[in-house]
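The values are calculated or read from the model by the stated rules, or taken from the named source; none is laboratory data. All values derive from a computational prediction rather than experimental measurement. Here the Cβ is made from the backbone with ideal geometry for all residues, glycine too, and neighbour counts use every protein chain on show.
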Number of protein chains: 2
Amino acid sequence: MTTAVPSARVLAHPAREEIRLEGVLHALSDPLRMLIVRELAAGAEAGLTCSHFDLPVTKSTSTHHFRVLREAGVIQQNYRGTAKLNALRRDDLDALFPGLLDSVLAAAARQAERLGG
Amino acid sequence: MTTAVPSARVLAHPAREEIRLEGVLHALSDPLRMLIVRELAAGAEAGLTCSHFDLPVTKSTSTHHFRVLREAGVIQQNYRGTAKLNALRRDDLDALFPGLLDSVLAAAARQAERLGG
DNA sequence: CTGCTCGTACGATAGCCATCGTAGTACGGC
DNA sequence: GCCGTACTACGATGGCTATCGTACGAGCAG
């Protein structure tokens, strides 16, 4: 084998051409998911584990939200041992919708500053 | 009175500060509503009537979608006789989320070109 | 005033979705 | 091999939402 399988389990991601704007906007229209995306954008090139996020929901619900983001093509997920690394698909999103992600992130930051103090 | 009531019926709109990013993104995550917004952006400074749009749904459903857009703060609606004029709230959106609307519209146009031929 | 057109309101329905709890699987350390 | 940790799968549930049909209200043309 070429790489002897990185870490066995692989998750299904949509190809770049399959990413739909409606799906991305819908994925980002949930406050919890927007929070995840903002943290990923701020923090991590390499990716953050699911458990890094301190979300006010159960793990089941977390899994659900991460799955929505992945299936919409917003994030990429890879197993790393027992953990799972999440990273923004910035390249794909920028290629498909130039400037969109940055505008949305800026808008979210602006609103957070305006409302959250 | 100052203006003697423009045309009687007035619709409730959220104030600029009440517009929430999640709401805007959710409103735009429906293909039908995105289509409406795109036509409004392309065509009309003054506004377009509801009946101008040739949507593949009943009038009830149209009313519903226009209402969602209005309550999210994306469009402004004003009665003009029996018709109702719809216009984008570009000023408010640009003030709150600079560049967001243009990015989204560009993304939608790009996807339409990519998929619709 | 009588109709006509444009849009609304209301009720019904079916589908999606955010949330939870419980039970289970994969991986790494001992 | 066994256990703990990290995440998943599945089923249930309550709420939202897109859709429709029918009945209604508001303005305009006669």
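The set of residues in segment B:32-57 being within 14 Å of DNA strand D (Cβ to nearest atom) and assigned to a loop (DSSP other than H, G, I, E, B) consists of B:F53, B:D54, B:L55, B:P56, B:V57. Looking across segment B:58-93, the residues that are surrounded by 14 or more Cβ atoms within 10 Å (Cβ to Cβ), more than 16 Å from DNA strand C (Cβ to nearest atom) and either acidic (D, E) or part of a helix (DSSP H, G or I) (or both) come down to B:R90, B:D92, B:L93.
Taking B:G43, is it touching a residue at least 60 places away in the same chain (Cβ under 8 Å) and not charged (D, E, K, R)? So B:G43 does not fit the description; no.
For segment A:88-117, filtered to residues that are of a type in the set (G, A, S) and within 16 Å of A:A27 (Cα to Cα), the residue that is farthest from the other protein chains (Cβ to nearest Cβ) is A:A108. Of note, B:D92 satisfies the criterion of being more than 16 Å from DNA strand D (Cβ to nearest atom), touching a Lys or Arg at 6+ places or on another chain (Cβ under 8 Å) and of a type in the set (D, E, K, R). Scanning segment B:39-57 for residues that are within 9 Å of DNA strand C (Cβ to nearest atom) and of a type in the set (A, V, I, L, M, F, W, C) returns B:L48, B:C50, B:F53. When A:L28, A:L21 are checked against the criterion of being surrounded by 10 or more Cβ atoms within 10 Å (Cβ to Cβ) and within 11 Å of DNA strand C (Cβ to nearest atom), A:L28 stands alone in meeting it. For segment A:94-106, the candidate set comprises residues that are within 21 Å of B:R110 (Cα to Cα) and aliphatic (A, V, I, L, M); within that set, the residue that is surrounded by the most Cβ atoms within 10 Å (Cβ to Cβ) is A:V104.
Okay, residues lined up against (1) under 24 Å from A:R16 (Cβ atoms); (2) at pLDDT 95 or above; (3) of a type outside the set (K, R):
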residue	(1), (2), (3)
A:R33	yes, yes, no
A:A44	yes, no, yes
A:E71	yes, yes, yes
A:V74	yes, yes, yes
A:R90	yes, yes, no
